[in-house]
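What follows is a single structure, written as structure tokens, with notes after it.
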Amino acid sequence: MRDSIALMLGLEGYRAAVFADAEAFLAAWREDWAGCVIADVRLRGQSGVELQDALRERGTALPFVIITAHGDVATARAAFRSHAVDFLEKPFDNAQFFAAIETAFALEERRIHRQDGRRADAEKVERLTPREREVLERAAQGLHAKEIAAALGISPRTVEVHKTRIMEKLGVRNVAELVRIAIAARPGDGDRS
């Protein structure tokens, strides 16, 4: 089944990497991989749903299409709880299979776009002076100029000057956009979906 799916994907122009089981996939897995995982529920060792959970624990948001000849409601629910794109019972219709893959790739494209945006935001924030970053962080916490000034030991007018410069450097038009960039640029923050 694994080889026939890989062949079918290749004929449709997709690149496929094939693994004998979940453990082999996890041993080869790299953080920078993008695409979609097609996993059978019944694998030697870990199941496809357990593989999905293991990758989520590692922090990846690779989309999954789960396939099975032995579908049941509990397994399908577990797959969807871990954000599977689809749960297909064998024998499945090729159109349905490729529709699930296209949905997965669309999700992956959006995830990569968001990730690139966060990276660009973080690079912009890195170009700020240390004082500007202090002002930005406090503004993102919802503090007003007087509160920021008191916390940093500067005047409210100086805070406003810093905020104006920060907004110019980050290319934002209002405080809401400023806060969005500050939050997105924080280490460890960001959308994993």
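The values are calculated or read from the model by the stated rules, or taken from the named source; none is laboratory data. Quick caveat, the model's predicted, so the values are computed rather than measured. No Cβ is skipped: glycine too gets one built from the backbone with ideal geometry, and neighbour counts run over all protein chains shown. Side chains included, ligands, DNA and RNA excluded: accessible areas come from the protein's heavy atoms. Shrake-Rupley method; radii C 1.70, N 1.55, O 1.52, S 1.80 Å.
Is it the case that some residue within the range 54-66 is β-branched (Val, Ile, Thr), touching a Pro at 6+ places or on another chain (Cβ under 9 Å), closer than 27 Å to Leu11 by Cα and at pLDDT 85 or above? Spell out how you get there, then give the answer.
Residues of the range 54-66 β-branched (Val, Ile, Thr): 60, 65-66.
Within this subset, residues satisfying the condition of being touching a Pro at 6+ places or on another chain (Cβ under 9 Å) are none.
Looking for residues that are β-branched (Val, Ile, Thr), touching a Pro at 6+ places or on another chain (Cβ under 9 Å), closer than 27 Å to Leu11 by Cα and at pLDDT 85 or above, one finds none in the range 54-66, hence no.
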Task: Failed item in (1) open to solvent by 70 Å² or more (accessible area, probe 1.4 Å); (2) assigned to a helix (DSSP H, G or I); (3) farther than 25 Å from Gly59 by Cα; (4) without any contact (Cβ under 8 Å) to a residue 12 or more places away in the chain, with Arg131 passing the rest - done: (4)
Task: Answer residue from the range 1-48, given it is among the charged types (D, E, K, R) and in a helix (DSSP H, G or I) and is surrounded by the fewest Cβ atoms within 10 Å (Cβ to Cβ) among those - done: Asp3
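Pick from Ala151, Ala99, Ala95: which is under 22 Å from the mean Cα position of the chain (by Cα) and small (Gly, Ala, Ser)?
Ala99 is the lone residue from the list that is under 22 Å from the mean Cα position of the chain (by Cα) and small (Gly, Ala, Ser).
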- [ ] Report yes if some residue within the range 149-158 is within 21 Å of Arg180 (Cβ to Cβ), open to solvent by less than 30 Å² (accessible area, probe 1.4 Å) and hydrophobic (A, V, I, L, M, F, W, C); otherwise report no.
- [x] no
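Any idea which of His113, His70 is outside any helix (DSSP H, G or I), of a type outside the set (Gly, Ala, Ser) and open to solvent by 30 Å² or more (accessible area, probe 1.4 Å)?
Numbers: His113 fails: outside any helix (DSSP H, G or I).
Answer to the selection: His70.
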Open item on the list: I'd like the full set of residues that are more than 19 Å from Gln46 (Cβ to Cβ) and part of a loop (DSSP other than H, G, I, E, B), limited to the range 73-89.
Closed with: Val85
- [ ] Report, by residue number, each residue of the range 134-148 that is surrounded by 15 or more Cβ atoms within 10 Å (Cβ to Cβ) and not in a helix (DSSP H, G or I).
- [x] Leu143
Open item on the list: I need the full set of residues from the range 63-92 which are touching a residue at least 24 places away in the same chain (Cβ under 8 Å) and within 23 Å of the chain's Cα centre (by Cα), in order please.
Closed with: Pro63, Phe64, Val65, Ile66, Ile67, Ala78, Ala79, Ser82, His83, Ala84, Val85
TODO: May I ask you to list pairs of residues, at least six apart or on different chains, whose Cβ atoms are under 7 Å apart, with the first in the range 35-47 being within 14 Å of Arg2 (Cα to Cα) and the second being part of a strand (DSSP E or B) and of a type in the set (S, T, N, Q)?
DONE: Asp40/Thr68; Val41/Thr68; Arg42/Thr68
